[in-house]
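Written below as structure tokens is the structure these notes are about.
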Amino acid sequence: MRQIILFIILVVLLPVALALQDLLPSIPPFQARIQLLPIVFCFGVLALPLVPALFFALAAALVQGLALLQIQSGQVELGLTAPVVFFLLWAIVFQMASEATEGMRWEVHAFGSAMVTLTLIGGEFLALCCRRGGFPVEMTVLWRIAIPSVASLLLAPLLYFLLRKLVPVFVEDEALPKKPEFRR
Amino acid sequence: MKKIQIAFLAVLAVLVIAVCLLESGTLGWLQSGLLGIVSPISHSGSAVKSSIGSLGKDLMSLDQLQAEYERVLSENRKLRAENNGLRDLQQDNDHLRQVLGYRERSSFRLVPAVVLGHDAGEWWSTIKINRGSADGITPDMPVITDKGLVGKTTAVSSNLSEVVLITDESCRVAAKVEGTKEQGISAGTRDPAGELRLTFLSKLADLQPGQKVYTAGVSGGIFPSGIALGTVKSFHARELDGEAILEPSADLGSLEEVFVVTGAK
């Protein structure tokens, strides 16, 4: 029951993160945007067991995919298949990472959030290049991929500790995997 | 692995396949649903953001007033005090008169809207506005300001719409150049500089910087004819056609209020 409540809270956080990231200002000079959804996604797939984590990844893929969906004259530019595959693969990777560290670690969450952001924005760029043609790899493009990834790396610990404090208000702390001890 | 977990994984597999096979109509409907879900958060977040922004603006005005105070002190103490009190009100009044005047002057039926925020996607230029199907907005309606064309609506929920800007690569607009017979197709670039690229011009067009470009209004198109699109910054001939770089007429970087064109008057 606790896992279900945690799952629902995390699913609700996905559209909240989406709306909040739209309100955040862009970072000059390349107008890069801060991404909050990958950070929430990483927390979710690290905190939940395998099967709920996969359902959560599907929910994240739906939210992210629909947010960026462009339908031009009845034609869908990028469908939902790529986001679904992308988030499911990352969910499996994070489950393995969580197994390897025997629980949730803020370092894994921070690094993972940066990696998800990096691959998400880079993947979107590649998909657009395939769809629209051209492959303009310029410094601007690289910065617009790198800056949000670094922003995710820096913001992830804040969100991690905030969620770790907030989640037990709604569910018992046992719902989250225990923080592992360092092993020699 | 327990049987229940296998059952859940089977359900997940079915859901994944179903999601991947969705068609554009269903996807559009789902996107409207998502906009409906984020709409209350966007509205309240935007209100908080504008409150904070106006607080900053007030503080800045105070600085300006302080500077003004020092400058005018030597001229006339009485006029200075009077100006300080009236300046903000006068600006608000002028702005509102300008907005109202444009709406009444325009030959289109316009629905005014407030910009709630820019989408966080790196490679798409889209904004969200606080009007939706409840205000008569549907997808593919032109969005303008008193300065020129902004873009067109794409996804629409009951009180929130997404607008793709003319600086997005996917937003193509048929355009004509003032004072010539030249016509071309304008589209944005992936560069954040926010310029437009007007292609399919004649190689011999020889456009000059500063020439105005307007929408051409092709039949069956979305954008009506004669809306200011941009100003020519440069022109160069390519192998098969000519290409001009345009500066958009509307200031797309600091949009606050826009109008959705719902039809002709």
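The values are calculated or read from the model by the stated rules, or taken from the named source; none is laboratory data. Being a predicted model, the structure only gives us computed values, none of them experimental. Cβ atoms come from the backbone with ideal geometry, glycine included; neighbour counts cover every protein chain shown.
If only residues of the stretch B:117-136 that are in contact with a helix residue (DSSP H, G or I) (Cβ under 8 Å, 6 or more places away or on another chain), in a loop (DSSP other than H, G, I, E, B) and within 7 Å of another protein chain (Cβ to nearest Cβ) are counted, the one that is nearest to A:Arg132 (Cα to Cα) is B:Trp123.
Residue by residue, here is whether (1) free of Cβ contacts under 8 Å to residues at least 60 places away in the same chain; (2) surrounded by 24 or more Cβ atoms within 10 Å (Cβ to Cβ); (3) under 14 Å from the mean Cα position of the chain (by Cα); (4) assigned to a loop (DSSP other than H, G, I, E, B) holds:
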| site | (1), (2), (3), (4) |
| --- | --- |
| B:Ser158 | no, no, no, yes |
| B:Lys176 | yes, no, no, no |
| B:Asp191 | yes, no, no, yes |
| B:Gln208 | yes, no, no, yes |
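Identification of helices (runs of 4 or more DSSP H) wholly contained in the stretch A:1-95 with 2 or more residues that are away from chain B (no Cβ under 12 Å), under 27 Å from A:Val141 (Cα atoms) and of a type outside the set (A, V, I, L, M) yields A:37-47. Only one entry in B:Val164, B:Val111 is within 14 Å of another protein chain (Cβ to nearest Cβ) and of a type in the set (Val, Ile, Thr), namely B:Val164. Against the numbered list (1) farther than 30 Å from A:Glu124 by Cβ; (2) touching a Leu at 6+ places or on another chain (Cβ under 7 Å); (3) at pLDDT below 85, B:Ser219 comes up short only at (2).
Within this structure, B:Asp119 fails the test of being touching a Ser or Thr at 6+ places or on another chain (Cβ under 8 Å) and on the phi > 0 side of the Ramachandran plot. Output the residues belonging to the stretch A:1-35 that are touching a residue at least 60 places away in the same chain (Cβ under 8 Å), of a type in the set (Val, Ile, Thr) and out of contact with any Pro (no Cβ under 7 Å at 6 or more places or on another chain). Matches in the stretch A:1-35: A:Ile5, A:Ile9, A:Ile27. Taken over the stretch A:53-76, the criterion of being modelled with pLDDT of 85 or more and of a type in the set (Gly, Ala, Ser) is satisfied by A:Ala53, A:Ala57, A:Ala59, A:Ala60, A:Ala61, A:Gly65, A:Ala67.
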